[in-house]
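A.B. asks: Before we start, here is the structure in question, set down as structure tokens.
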Amino acid sequence: MIKVVLISGSLRRGSVNSAALRAVRRIVGERREPTEVVSLPIGRIPFYDGDFEYARTTAAVRAARSLVAAADALVISTPSYNGAVPGVLKNALDWLSRPDGACALSGKAVAVLSASPGGRGAIDAQPALMDLLDACEAVVVEHPPVAIARAHERLDESGEMTEPDAVAELRSLVDATFEALRILGEQRASVAA
Ligand code: FNR
């Protein structure tokens, strides 16, 4: 069973990033291999506070850590807030990166995408997100950038991202993620042998 965790950088009910991830969920569900796809809600994770890192961590932080620790892959979709990821996403990833040396993201295949109603698809938020993932020793999925521009125009009347070009890009990213998992599996098997 391949476990995939989805993280949206937006808490908004009508978020285009969350819509993109719902499309990712449908695309993963079409694959032949058994999969489990879970969304990680980040809105209830408190602000990072080092006083609570080792003891008295909140239930939301513990749940996030264990969900990610059990995952094979993550797909993160982010808006750009003034050229960076929203604070709520950075905060969640900072929690996941701790304690030092025990980053829950380490060794996970992570696919990154972004979406916005603007013409650049929030691509300017991606480099810093990828740097953070590199710092955590996550395996960022190699793929040309997926930055869904004018994303609101790619939603159908029920708010789902069904527009064919967007779906094709997301499918290509999902394919690359599963290919990264296959290669990682081979590498880990050869190290263990
Ligand atoms: C934005 N937005 C925005 N858009 C953009 O293309 N470049 C930017 O730098 C910013 N900056 C920005 C800052 C802040 C504080 C907010 C709240 C918004 C607009 C943003 O792309 C838009 O709200 C998206 O719809 C957010 O994504 P979701 O919530 O639809 O997933």
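What follows draws every value from the coordinates through simple rules; no lab data is involved. Note that the structure is a prediction, hence the values are computed from the model and not measured. Neighbour counts run over all protein chains shown; Cβ positions are idealised from the backbone, glycine included.
A.B. asks: Is it the case that some residue within segment 146-157 is more than 28 Å from GLY83 (Cβ to Cβ) and over 14 Å from the mean Cα position of the chain (by Cα)? Before you say what the answer is, go through the steps one by one.
C.D. replies: So the first thing to find is which residues in segment 146-157 are more than 28 Å from GLY83 (Cβ to Cβ), and the list is 156-157.
Okay, now just the ones that are also over 14 Å from the mean Cα position of the chain (by Cα), so 156-157.
Checking segment 146-157: at least one residue is more than 28 Å from GLY83 (Cβ to Cβ) and over 14 Å from the mean Cα position of the chain (by Cα).
A.B. asks: Return only the number of the condition from (1) within 16 Å of the ligand (Cβ to nearest atom); (2) under 14 Å from LEU170 (Cα atoms); (3) among the β-branched types (Val, Ile, Thr) that ILE7 does not satisfy.
C.D. replies: Failing condition for ILE7: (2).
A.B. asks: Which residue out of ALA111, ALA122, ALA189 is at positive phi and of a type in the set (A, V, I, L, M, F, W, C)?
C.D. replies: Numbers: ALA111 fails: at positive phi; ALA189 fails: at positive phi.
Every option except ALA122 fails the conditions.
A.B. asks: Could you give me the residue pairs with C-beta distances under 8 Å whose first residue belongs to segment 81-92 and is in contact (Cβ under 8 Å) with a residue 40 or more places away in the chain, whose second residue is small (Gly, Ala, Ser) and part of a helix (DSSP H, G or I) wherever it lies, and which are 6+ apart or on separate chains?
C.D. replies: From residues that are in contact (Cβ under 8 Å) with a residue 40 or more places away in the chain, the pairs are TYR81/GLY87; TYR81/ALA125; GLY83/ALA125; ALA84/ALA125; ALA84/ALA128; VAL85/ALA125; VAL85/ALA128; ALA92/ALA64.
A.B. asks: Is it the case, given these coordinates, that SER77 is part of a strand (DSSP E or B) and either farther than 27 Å from MET1 by Cα or within 16 Å of the ligand (Cβ to nearest atom) (or both)?
C.D. replies: The answer is yes for SER77.
Rundown of residues vs (1) within 15 Å of the ligand (Cβ to nearest atom); (2) under 22 Å from GLY50 (Cβ atoms); (3) aromatic (Phe, Trp, Tyr), yes/no style:
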{"site": "VAL85", "(1), (2), (3)": "yes, yes, no"}
{"site": "LEU105", "(1), (2), (3)": "no, yes, no"}
{"site": "SER114", "(1), (2), (3)": "yes, no, no"}
{"site": "CYS136", "(1), (2), (3)": "no, yes, no"}
{"site": "VAL140", "(1), (2), (3)": "no, no, no"}
{"site": "ILE148", "(1), (2), (3)": "yes, no, no"}
{"site": "HIS152", "(1), (2), (3)": "yes, no, no"}
{"site": "THR162", "(1), (2), (3)": "no, no, no"}
{"site": "GLY185", "(1), (2), (3)": "no, no, no"}
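A.B. asks: While we're looking at this one, here's another question. Residue check: is LEU170 touching a residue at least 40 places away in the same chain (Cβ under 8 Å) and either touching a strand residue (DSSP E or B) at 6+ places or on another chain (Cβ under 9 Å) or within 15 Å of VAL75 (Cα to Cα) (or both)?
C.D. replies: For LEU170, the condition - touching a residue at least 40 places away in the same chain (Cβ under 8 Å) and either touching a strand residue (DSSP E or B) at 6+ places or on another chain (Cβ under 9 Å) or within 15 Å of VAL75 (Cα to Cα) (or both) - is met.
A.B. asks: Scan segment 1-50 for residues that are in a helix (DSSP H, G or I) and out of contact with any strand residue (DSSP E or B) (no Cβ under 8 Å at 6 or more places or on another chain) and jot them down.
C.D. replies: Within segment 1-50, ARG26, ILE27, GLY50 qualify.
A.B. asks: Inside segment 117-134, can you point out the residues that are more than 16 Å from the ligand (Cβ to nearest atom) and not charged (D, E, K, R)?
C.D. replies: Those that are more than 16 Å from the ligand (Cβ to nearest atom) and not charged (D, E, K, R): MET130, LEU132, LEU133.
A.B. asks: Could you list, in sequence order, the residues of segment 10-27 that are within 16 Å of the ligand (Cβ to nearest atom) and charged (D, E, K, R)?
C.D. replies: ARG12, ARG13, ARG22, ARG25
A.B. asks: Now for a different question. Being farther than 16 Å from VAL37 by Cα, surrounded by fewer than 16 Cβ atoms within 10 Å (Cβ to Cβ) and free of Cβ contacts under 8 Å to residues at least 60 places away in the same chain narrows it down to one of ALA69, ALA102, so name that one.
C.D. replies: Of ALA69, ALA102, the one residue that is farther than 16 Å from VAL37 by Cα, surrounded by fewer than 16 Cβ atoms within 10 Å (Cβ to Cβ) and free of Cβ contacts under 8 Å to residues at least 60 places away in the same chain is ALA102.
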